[in-house]
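This structure is in C-alpha cells; I'll ask about it shortly.
Derivation of every value follows stated rules applied to the coordinates shown; laboratory data play no part. Nothing here was measured: the structure is a model prediction, and the numbers come from that model. Quick reminder, even Gly has a Cβ in these numbers, built from the backbone with ideal geometry, and neighbours come from all protein chains shown.
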C-alpha cells in the first residue's frame, strides 16, 4: 500500500509494533485521578418505592397549589369582610347563617326503589334544586346536541344549505337567552317547558357552528381516499365524516353545555318555582345573601363537572371511533 | 380500426376556471400504456403531472378527451384505480390493519371475514409492515406510513396502480428502501403502474418507460423514452449499466437543457 505520508512509509514497524510508545512520543497521557472517579458516583436519592406512595406524591404535587390558593383566598375574604358592620358576609358568617343549607343539601330529596323524588314545593335542600335544574338541562341540552349536530352536518356538507341557513344562525345566536323568554312563555304557557326551550335555544348555536366547521374542514386527502375507495354515502358518513369531525363537534358540545348551564339559572330566576335559579332569586328576596353564596359555589362546581364530563366523553369517543 | 392499449389517454385537455379566465393545465395529451407496464411521468413542479394522474384516477374531470381503461371509459374515481397519495392519506383514527381493511372490504366481494383478514395481512407482509398492524398511523414514521399506503393500494387488486410522488416527502435513504419495495412488488405482481415523480433516478430505476412533460401551462408530453433494463432490477447492478446511464442522461438533458425549470429561468 502506497501512503503519501513519510511517517507511515518510513516507520512501518513502529505503527505495527504498538501504539503506546508512539502515543507517548506525541504527548504524555495523564491517568484520570482515582478521587475524581470516586466523585462521579453520587449517592442515590431515596425514592418512594411503593406505587401508592408515588401516586400520592403526584396528587399532592398537583393539588397542593390549589388548596393553598383556596385557603389563602378564604383568609383574605375573612379579613376584608370580618368586621360586624361589613355589607358582605364573611366565610365564617356564611357558615353560621347558612349552616342548614350547607349541611342538609338533600332535604326533600328521596331516593327509593321507584327512583328519585324531589318534593314539589316547600323546603327543598339546594341539591334538590340543582337536580331539578340538571334534569331540565339534560333534556334541553340533549335535544340541542342532536338537532345541532344534524343541522351542523347539513350546512357543513351542502353549500346551498350553508348559504341559506348560516346568516339566520349567525343572527339568532347573538340573541341573549332571556330575550327568548317572553316568546317561550307565550308559546309553552308553563315554566318547565319554556326553561327547557331556553336551554335548547342557547346551547344549539355553538354545536351547529362547530360541527359545520368540522365537516367543512375535513381534509381533501380523506375525501379523495373516500372517492378512490368509492365509499357510499353511509360509509362516508360513518367511516370518514364522523371520526374526522368528532373533535370539532365536542368543542361545540362543550361550549354548549356551559352556555346551557348559564341559561338555566337565568331562566329559573325569572320564572320561579323550582331549580337553582329560583333558589338564588328566593334567597335574594329573603335577604339571605349567605344562601346565595352557597348556591354560587354549587353552580360553579356543577358547571365545572358538566364541562369535564363532556370533555371526557369527547376524548373517549375520539379514541374509540 | 387500431387496437386500443390497456390504458389509453386520448386527447386529454384539462382546463381550470380561474378569475382571469380558464387556465389550461394539460394540452391534448395522448398516452398509451400496455398491461403490466410501469410508466413514470417526470417534469418540473407545476407542469400538470398530478393533474394528469388525478384525471386517470377520476378525481379531475378532463375538459376534453377520453380515458379508456381495459376498453371501459373512466369517468369517476373507483377502486380499480388505486392511488398511493404523496401524503399517504391514511385515516388517523384507524389502525394500520383497519386502514387496509377498509380498502379490502370495498374490493373483496364474496370473500369471507377470515379470507379478508388474511388478504390484509398478506399485503402488509409484502411491504414488511405486519409487525405494526395494530398501530395507528400517528405512531409510524413517514416511510412506514407510505409502506402502508402502498399496501392499501395493492390490496385493492387495482387494474392500474397510480402513485402520486409517493416518496416525495421522504429522506433519501428511506426513499431508496421504498423504491426497493416497489421494485420487489413489481417483480412479483407485474402491475400496470403510472407513477409521478420529480426524481430522475427514481424514474429510470423503477420504470419501463419515462414520459417527460414540458413545462406548464398547457403542458404536453415532450419525450417518451423506454428504459431497457432487465427485470427484476437491482439498484447496484442498474447504476453500473450502460442502459441506465443512457436513459438518465436523456432525462436530465430533457429536464435541465431543453425544458429548464421556469422558476430558475425567471430568477
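At q = 0.12, 0.16 Å⁻¹, what log₁₀ I(q)/I(0) does a Debye calculation on the Cα points of chain B give, no solvent, two decimals?
Here log10 of I(q) over I(0) equals -0.75, -1.28.
Cut-off 10 angstrom, C-alpha nodes, Gaussian network model of chain A. Which of A:286, A:194, A:90 fluctuates the most?
A:286
Also, I was wondering about something else. Quick check: the distance between the Cα centres of segment A:121-146 and segment A:235-283, to the nearest angstrom?
Between the Cα centres of segment A:121-146 and segment A:235-283 lies a distance of 12 Å.
Let me ask another. If you wrap a convex hull around the alpha carbons of segment B:90-157, what volume per residue comes out, as a whole number of Å³?
About 70 Å³ per residue, rounded to a whole number.
Just how many % of Cα pairs in segment A:126-320 lie over 25 Å apart, if you round to the nearest whole percent?
43 percent
Still on this model: Is there a simple number for the mean count of other chain Cβ atoms within 10 Å of the Cβ of residues in B:56-67, and what is it?
1
Could you check the spin-label model distance between residue A:311 and residue B:76? Points 7 Å from the Cα along Cα→Cβ, value in nm.
Reported label-point gap for residue A:311 and residue B:76 is 4.5 nm.
Let me ask something else about it. So how far apart, in nm, are the two label points at residue A:80 and residue B:172 if each is 7 Å from Cα heading toward Cβ?
6.6 nm
Hey, another quick one. Taking the alpha-carbon centroid of each part, what is the distance from segment A:58-74 to segment B:72-135 in angstrom?
Segment A:58-74 and segment B:72-135 have Cα centres separated by 52 Å.
Something else: Please give the contour-minus-distance gain from residue B:87 to residue B:189: 0.36 nm per residue of separation, less the Cα-Cα distance, rounded to one decimal in nm.
34.3 nm
Helix B:242-253 versus the longest principal axis of chain B: what is the Cα-based angle in degrees, 0 to 90, to the nearest 10?
The answer is roughly 60 degrees.
Which one of A:235, A:34, A:97 has the biggest mean-square fluctuation once chain A is modelled by GNM with Cα springs under 10 Å?
The residue that fluctuates most here is A:34.
A further question on this structure: Mind checking the mean number of beta-carbon atoms from other chains within 10 Å of the Cβ atoms in A:60-70?
Per-residue shielding by partner chains comes out at 0.
Kindly provide the helix-only [θ] at 222 nm of the protein assembly as shown, computed as the sum of -39,500 (n - 2.57) over DSSP H runs of four or more divided by all residues, to the nearest 500 deg cm²/dmol?
Roughly -18000 deg cm²/dmol at 222 nm, from the helical runs in the protein assembly as shown.
Sticking with this structure for a sec: Taking Cα atoms, how many degrees apart are the long axis of helix B:96-107 and the longest axis of chain B, rounded to 10 and kept between 0 and 90?
It works out to around 70 degrees.
Label 7 Å along Cα→Cβ of residue A:100; segment A:248-292 residues with amide nitrogen under 19 Å?
Of the residues in segment A:248-292, A:273-276, A:278-292 have backbone N under 19 Å from the label point off residue A:100.
In terms of the Cα gyration tensor, with a ≥ b ≥ c the square roots of its eigenvalues, is the protein assembly as shown rounded because a/c is under 1.5, prolate because a/b exceeds b/c, or oblate?
Since a/c reaches 1.5 but b/c is at least a/b, the shape of the protein assembly as shown is classed as oblate.
Also, quick follow-up: In percent, how large is the relative contact order of chain A, given Cα pairs closer than 8 Å and 6 or more residues apart?
Taking the mean separation of contacting Cα pairs over the length of chain A, I get 17 percent.
Another question about this same structure. If r is the Cβ-Cβ distance from residue B:61 to residue A:57 and R0 is 56 Å, what FRET efficiency results, to the nearest 0.05?
According to the calculation, E is roughly 0.30.
With a Förster radius of 35 Å, plug the Cβ-Cβ distance of residue B:220 and residue B:117 into 1/(1 + (r/R0)^6) and report the FRET value to the nearest 0.05.
Computed FRET efficiency for residue B:220 and residue B:117 comes out at 0.15.
Using a Förster distance of 51 Å, how high is the FRET efficiency between residue A:159 and residue B:240, based on the Cβ-Cβ distance and rounded to 0.05?
Once rounded, the FRET efficiency stands at 0.35.
If one takes the longest principal axis of the Cα atoms in chain B, at what angle in degrees, from 0 to 90 and to the nearest 10, does the Cα axis of helix B:142-155 lie?
It is inclined by approximately 80 degrees.
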